[in-house]
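Structure, as structure tokens:
The values are calculated or read from the model by the stated rules, or taken from the named source; none is laboratory data. Note that the structure is predicted; figures quoted are calculated from it, not measured. Heads up, the Cβs are rebuilt from the backbone with ideal geometry, glycines too, and the neighbour counts pull from every protein chain shown. These accessible areas exclude ligands, DNA and RNA; they are computed on the full protein's heavy atoms, side chains included. Shrake-Rupley method; radii C 1.70, N 1.55, O 1.52, S 1.80 Å.
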Amino acid sequence: ASQLLGGLLTLLTPVAARGGVYALLAVRILVGFVAGVTYPTHHGMWGKWAPLFERSKLMSVTMAGSIPILWFVFWVIFVYDSPSSHPRIDPEEAKYIESQIETKEVKSPPVPWLEIAKCVPLWAIVIGHFCSNWGFYTMLTNLPTYLKQILGFDIKANGFLSAIPHLALMLFVMVGGFVTDFARKRGVRTLTARRIMTFFGQIPPAIFFVLAGFV
């Protein structure tokens, strides 16, 4: 439902923009609100569906982007909570998927908030994710203005050039997922594979951001 509502609200964005800044802000806030449940839902779904060495690529394809309304139709038709509850899945495929997934019921312990706050790897993830999103949204909001006012591109060229980074992002997110699973299948530790992908996802973009200021 979050994908469907997000897609519909996105389609309403141009209409809201004509209604004024407050209407636009309201629509965009609603988009963020309904999209907020999408990311944790993906992890919960693939936790029950993705075999061990297919998780990275399946997550990357899911997170790379899609047409939300069309995606919602396929979701309603084909997706179920787990392989065992799917009425049309091949029994051998369901058996294979479930044999690759470790699921067990455990009693949830108290949340160790203090230990979480002191966890260095967690803060590394938080800071890295924050910086990645900062760069993404800076590019999303300021790149068209930069191309028009600083580099002097007209509106047609501006739109195409502004879209290139996001198309490249969608492509390389999927490539990264496939490469990660390929490496893990051949014995590379999961932690090592993730560190390598994180390095290439963080450091080169930061360098190119700096270089863009000299163009």
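Mean residue ellipticity, 222 nm, helices only, the chain: the sum of -39500 (n - 2.57) across DSSP H runs of n ≥ 4, divided by residue count and rounded to 500, is -24500 deg cm²/dmol. Listed by number, the DSSP H helices of the chain that run 20 Å or longer by alpha-carbon position along their axis and have mean Kyte hydropathy of at least -0.5 are 2-18, 21-35, 120-145, 155-185, 190-212. Computed over protein heavy atoms with a 1.4 Å probe, the carbon and sulfur contribution to the accessible area of the chain reaches 72%. Applying 0.36 nm per residue to the separation of A23 and T190 and subtracting their alpha-carbon distance, the gain on full extension is 55.6 nm.
Ordering L140, M63, P204 by Cα displacement along the dipole of the chain toward the positive end leaves P204 in first place; charges were set at the Cβ atoms of Lys, Arg (+1) and Asp, Glu (-1).
Remark: spin-label model distance E92-V76 equals 3.4 nm, labels positioned 7 Å along the Cα→Cβ axis. For semi-axes √(5λ) of the Cα gyration tensor in Å, one of (1) 32, 27, 16; (2) 34, 24, 19; (3) 27, 20, 16 was computed from the structure I shared and the rest are decoys. Which label? Matching the structure shown: (2). May I ask for the distance between the Cα centers of the range 178-202 and the range 34-57, given as a whole number of Å? Result: 18 Å between the Cα centres. The calculated FRET efficiency for the pair K48 and I150, based on their C-beta separation and a Förster distance of 41 Å, comes to about 0.25. Excluding same-chain residues fewer than 8 positions from K156, which lysines have a Cα within less than 21 Å of its Cα? List returned: K148.
Protein heavy-atom accessible surface, 1.4 Å probe, per residue over the chain: 74 Å².
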